[in-house]
Every structure is written in structure tokens, then in C-alpha cells.
Amino acid sequence: MQRRNFLRLTGFSAAALLSQRLPVHAESASGGPAWGLQFPSAVAVWREGARQPLGGRDDRWSLGGLSVDLRRDDDAMKVRLHAPAIALQQIRLTWKKVFPANASYTGDAWERSYGDLAWLNAPSARAPWYMLVSDEKQTHAFGVRTGANSLCFWQAAPGELSLVLDLHSGGMGVELGDRVLDAAYLVATQSLPGESPFHTEERFCKMMCGLPRLPAKPVYGINDWYFAYGKNSKELILSTTAAMAELAGDNDNRPFSVIDDGWEDGSVFTRSNSKFGDMSKVAAEIKRLGMHPGLWTRPLLANAGDPPARLISRGKPGQERYLDPTQPENLRRIAQTIGLYKDWGFRMVKHDYSTWDLFGRWGSQMGDGITSEGWSFSDRSKTNAEIIGRLYATIREAAGDMYLIGCNTVSHLSAGVFELNRIGDDTSGREWDRVVKMGVNTMGFRLPQHNAFYAVDGDCVGLTTQIPWRLNRQWMQLLAESGAPLFISAQPEATGPEQKEYIKKCFAMAAKKQPTGEPLDWMTNSHPEKWRLNGRVVSFDWSH
């Protein structure tokens with residue numbers, strides 16, 4: 001799915017959509033101009049599968065018992081909903097005739113990206129969370145603050161811009177009852193004089209997330225997945241940790257050794273299999289070898305003995321089964337599991353698969369909806385965004401001071417909650433084309449989120465004998481000099497003297513704070529080859 005094919009128009013002007021705020025609010029918390037969206041020209045609701053327009057104007061709209069109130073809140077517009085006795089599916093806000101211009105468009109992704117980010121100019125179905133519009137002379141940005149209580153996406157069409165607030169609970173409309181829901185806070189800005197689209201997006205991300213939760217020091221290290229692919233063991237983890245720890249010379253900021261999938265006992269993530277034994281001893285040994293121990297987990301995967309009443313009702317017999325996070329006992333169990341890892345001595349937890357386990361779709365499959373229709377969680381009074389937010393908050397609270405990496409987590413709801421977030425689908429230790437598609441693409445388009453939402457994790461360097469070193473060396477350099485986390489998945493057979501020397505150099509760079517890398521050709525190349533890294537221009541050749 002190409003989520004970012006947007007309409008190309010001629011002669012750029014978005015003044016009809018933006019209105020500059022009063023002088024007292026002339027600067028946002030991110031240091032740029034605080035621009036406010038004008039009130040929409042139309043509001044509509046989806047309920048019971050039908051679209052119905054609301055009556056009203058400016059800040060107040062209604063239909064029967066449904067009311068939509070729009071309120072100024074600092075540099076944002078708050079969307080407040082009241083819908084007693086109504087099952088809400090979506091609310092759409094529309095601004096008319098806003099882009100009589102020649103422009104290019106891009107947007108974000110629901111969770112990870114899937115090699116599909118680009119500045120394109122054909123129509124697109126939706127842009128999750130935020131959208132940028134640029135004619136290379138001026139850039140306008142439209143979005144919602146992170147932590148929204150609805151899943152939001154923008155749509156461009158001839159003469160209009162729309163924002164859709166998805167209010168499903170599972171695959172059915174949410175039943176709010178008499179509760180008032182602050183569904184989202186809308187924000188907008190435009191580029192400063194001489195500001196590039198990349199730096200406009202970077203500043204806009206800071207507007208959308210006022211309080212990110214960031215690592216105290218830059219994060220780097222190793223992960224076994226892209227050479228072991230689940231066939232790991234305590235011996236393999238400890239031997240690779242020992243070998244790679246020798247290459248990390250910064251004693252003030254030691255690397256992490258993350259144990260990926262393969263340690264757990266089937267679908268039970270509170271005990272290890274026979275290949276690992278006592279996980280507290282494994283964690284202690286990793287620490288003794290000079291790295292911080294990290295662990296992969298899948299919090300929503302149910303055990304074979306879990307009763308059907310505790311599970312999400314979407315599954316079919318014979319498929320994997322998933323815990324329903326709207327049930328308090330399931331959240332308590334997830335919290336206890338995360339707390340157990342802390343008790344074992346781990347300093348980082350990478351939690352995975354939660355978007356798939358909740359909705360049965362990857363982000364790349366959400367073109368016609370977040371999930372299939374006709375099912376709901378046990379508690380239908382909460383939106384999907386609220387359910388996700390509560391799950392993430394539970395994991396966060398249980399983790400305490402452990403670092404968290406979200407993987408297959410909803411980006412805008414992860415910001416301010418997790419220290420790190422995987423921004424793209426899996427790279428590879430086997431297929432170079434996948435590294436370029438997933439890794440290079442996501443780094444090129446989501447680096448503006450780095451240290452604005454969280455530390456962005458572009459995924460690992462799969463250093464194996466199946467991918468030529470001349471190619472992997474470039475990918476390692478980009479990650480090491482981007483300012484973002486560097487993780488290396490190094491097959492021992494592929495790690496000779498030349499590789500070790502370069503890993504040592506890259507570890508030294510990744511251990512220090514650096515400027516965020518900037519793709520210089522990203523508006524014309526979805527796999528950017530020209531970058532500004534540490535103040536110099538670097539060119540890469542991603543071709544075989």
C-alpha cells in the first residue's frame with residue numbers, strides 16, 4: 001500500500017487554511033511560529049456504516065445527541081466529543097479549497113513504515129497522524145499531538161483537506177455513554193525563512209510531542225536476531241556478547257546485548273526454555289562481560305491454557321490467541337511479566353507484535369481500516385487509541401527505570417512513553433534489497449522524529465556472510481553517524497579483523513551524542529543516497 005501518494009496541485013498557497021495566532025502565542029514550545037488551524041467548513045460522522053453531515057459552524061457542530069466542540073488550547077485546536085447512546089465509528093473534519101498550488105506531499109505511518117514512505121504526487125487514501133505539503137519554497141505541516149484518544153489520518157483531495165478521527169473500539173463503533181472525549185489536539189505550522197522541509201518536519205515533531213521520554217545516553221549494542229533467527233542459546237548469546245564487548249571502548253556508556261526471540265518457553269514469556277536456563281544468571285553474565293542485558297518479549301500472546309473469556313474475540317480456532325487488554329486481570333498479568341524481567345536484572349525490554357495481536361493487521365494493511373469490522377473488545381466504551389494507550393502505560397509503569405523499545409507499536413501513541421521505537425519493518429541478514437527498502441527508507445523519512453518523539457531505531461545491521469560487506473559497511477556507517485541508535489546483529493563467521501575494526505569505530509561514534517543525520521535527496525529519492533552526517537556530505541551507493 002502506498003499511503004503517501006498525494007495529489008499534485010499547481011500554484012502553492014495554504015493561507016486559507018492557516019491563521020496566525022495572537023502575538024502572545026506567536027511562538028510554540030518548539031521555538032517556531034505557532035500557527036492555528038481555522039475552523040473546518042464541514043463536519044461529518046460515520047455511525048452504523050453511514051456517513052451523516054453535522055449541522056453548525058466554526059467551533060460547534062451537532063447531529064441529534066452528538067456534539068463536536070472545537071476549542072483553542074495554547075497552540076492547538078482540541079476536538080471534544082459527546083455522544084450518549086451513539087456508537088461512533090469516525091468523525092471527519094474538512095477544510096475547503098485549501099491547496100490551489102503546485103505541491104508535493106508526504107505523511108507518516110501508523111506504526112512501523114514498510115518501505116512505502118516518499119514525497120509523491122498521486123492521490124492517496126490517507127496519511128496517518130500528520131502530513132507535510134511543500135513546493136520546495138515553503139512547507140506547511142498539519143498534524144495531531146501525540147497521545148491522542150483517536151487514531152487520526154489526513155486526506156488530500158482536489159480543493160480540500162480532511163482529518164478523520166477513527167473512533168472504533170475493535171471493529172465496532174465506540175460507545176462512550178455520557179463520557180466526554182477529548183479525541184485529539186490539532187496543530188499546524190509552516191516553514192521559517194530558509195528552513196528545509198526536513199527541518200520543518202523536525203521542528204513540527206517537537207510541536208506534536210512536548211515531553212518525549214529519552215534515554216539518558218545514546219543507545220547502541222547488539223542483537224542476535226539477524227544471524228540466529230530464533231535459533232539462539234545462552235552459549236551463543238554469551239560468546240557473541242564477549243566478542244563484541246571488546247570492541248566497545250567507551251566505559252562511560254556501555255552497549256546493550258539484546259536477546260531476541262527464541263529464549264522463551266513456547267508461548268510462555270515468564271520462563272525460559274532449556275537452551276537458556278536461569279535468565280537472571282544470563283543477565284548477570286552479560287553484565288559481567290561488559291554490556292547491559294536486554295530482552296525481547298510479546299506481551300499479548302496468550303498461553304494454551306488461557307480461557308476464551310480472557311481473549312480477544314477476533315481469532316479463529318487454530319490461530320494464535322491474544323489477551324484482551326481491556327480486561328484488568330490481563331493488564332495485571334502483563335505488568336507482572338514486565339516486572340519479572342526487571343527482577344531478573346535486565347535493563348532493556350523490547351516488546352513486539354502488539355499492533356498485530358490487537359488488530360490482526362500490519363500497518364501496511366490498514367488502507368481500508370485499522371482492523372476488520374464486526375468484533376469488539378470486552379470493554380466497548382474505550383476507543384482503540386485509548387486501549388492502546390492504557391496498554392503502553394501499563395508496560396511503562398511496570399518497567400520502572402528499564403529502557404523500553406516498542407516494536408510493531410503505534411508511533412504517535414508510543415511517543416513520550418518509550419525511550420526507543422522501531423520505526424521500520426524488519427531489515428535482514430539475508431536480503432540486501434530488504435535492508436534498503438525497510439531500513440534506508442525509514443531512516444530517510446522518520447529521522448525527524450528522533451529525540452522529538454523517542455530515539456528512533458532503524459533496526460539492525462545484519463552482518464552475515466549472505467550480504468556483501470561493502471554494502472553492510474555503508475548501512476552501518478549511516479546508522480552509526482545518524483545520531484540514532486545503532487544495533488548490530490553480527491554472525492561470528494562474518495566478523496573478521498576488518499569488520500571488527502570498523503565495528504569498533506562505529507561503536508565509538510554511536511556511544512556519543514551526534515547531530516541528527518539529514519537526507520539531502522529525500523524529496524526525489526525514497527531511498528536517500530546523499531546525506532549530511534556530522535557536518536559533512538556523504539554519498540552512499542545502495543545498489544548491488
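Within 10 Å, count the other beta carbons around each residue, average over each peptide in 137-146, 179-188, 372-381, and list them highest first.
With the highest mean Cβ count within 10 Å placed first, the list reads 137-146, 179-188, 372-381.
Near the amide H of Gln90, under 5 Å away, which other amide H atoms are found, from residues 5 or more places off or on another chain, if H is placed in the peptide plane?
Trp46, Leu167
Ignoring ligands, DNA and RNA, please state the percent of accessible area on the chain from carbon and sulfur, probe 1.4 Å.
49 percent
Students often forget the sequence filter, so: which lysines lie under 23 Å Cα-Cα from Lys382 once same-chain residues fewer than 8 apart are removed?
Hits, sequence-local ones excluded: Lys78.
Once you keep just the Cα pairs under 8 angstrom separated by 6 or more residues, what percentage relative contact order results for the range 319-389?
It rounds to 37 percent for the range 319-389.
Pairs of Cα atoms under 8 Å, at least six residues apart: use those to get the relative contact order of the chain, whole percent.
For the chain, the relative contact order is 16 percent.
Could you work out the pair-distance distribution P(r) of the range 241-378 from its alpha-carbon pairs, with 5 angstrom bin width and percents rounded to whole numbers?
P(r) over the range 241-378, rounded to whole percents: 2, 9, 16, 18, 16, 13, 10, 7, 5, 3, 1, 0.
Give me D for the range 215-255 in µm² s⁻¹, whole number, from Stokes-Einstein with Rh from the Kirkwood sum over alpha-carbon pairs, 25 °C and 0.890 mPa s.
Rounded to a whole number, D works out at 214 µm²/s.
If amide H atoms are built 1.01 Å from N in the plane of the peptide, which residues on other chains or at least 5 residues away come under 5 Å of the amide H of Gly416?
Those lying under 5 Å, H to H, from Gly416 are Arg213.
By what distance, in whole Å, do the Cα atoms of the chain stretch along each of the three principal axes, largest value first?
68, 57, 41
In nanometres, what is the gap between the two model label sites at Thr524 and Lys500, each 7 Å from Cα along Cα-to-Cβ?
4.4 nm
If you roll a 1.4 Å probe over the heavy atoms of the protein chains, what accessible area per residue do you get for the range 218-315, in Å²?
40 Å²
Relative contact order for the range 364-427 using alpha-carbon pairs under 8 Å, separation at least 6, rounded to a whole percent?
25 percent
For a quick check of understanding: with a 1.4 angstrom probe and all protein chains in place, what accessible area in square angstrom does Ser274 have, to the nearest ten?
120 Å²
For the range 368-428, what class follows from the C-alpha gyration tensor (a ≥ b ≥ c being the square roots of its eigenvalues): rounded when a/c is under 1.5, otherwise prolate if a/b is larger than b/c, else oblate?
Verdict is oblate for the range 368-428.
How big is the gap, in Å, between the Cα center of the range 321-396 and the Cα center of the range 39-81?
First find each Cα centre; the distance between them is then 29 Å.
Going by average Cβ density within 10 Å per residue, which order do the peptides 410-416, 192-198 take, highest to lowest?
Going by the mean number of other Cβ atoms within 10 Å, highest first, we get 410-416, 192-198.
How charged is the neighbourhood of Gly266? Take every other residue with its Cβ under 14 Å from the Cβ of Gly266, and add Lys/Arg as +1 and Asp/Glu as -1.
-1
Would you list which lysines come within 30 Å of Lys287, measuring only between C-alpha atoms, while excluding same-chain residues fewer than 8 positions from it?
Lys217, Lys231, Lys234, Lys275, Lys342, Lys350, Lys500, Lys504, Lys505, Lys512, Lys513
Ranked from the most accessible area to the least, with a 1.4 Å probe and all protein chains present, what is the order of Val268, Val45?
Order by accessible area, largest first: Val268, Val45.
The values are calculated or read from the model by the stated rules, or taken from the named source; none is laboratory data. All values reported here derive from a predicted model rather than from experimental measurement. Cβ atoms come from the backbone with ideal geometry, glycine included; neighbour counts cover every protein chain shown. All accessible areas refer to the heavy atoms of the entire protein, side chains included, with ligands and DNA or RNA removed. Shrake-Rupley method; radii C 1.70, N 1.55, O 1.52, S 1.80 Å.
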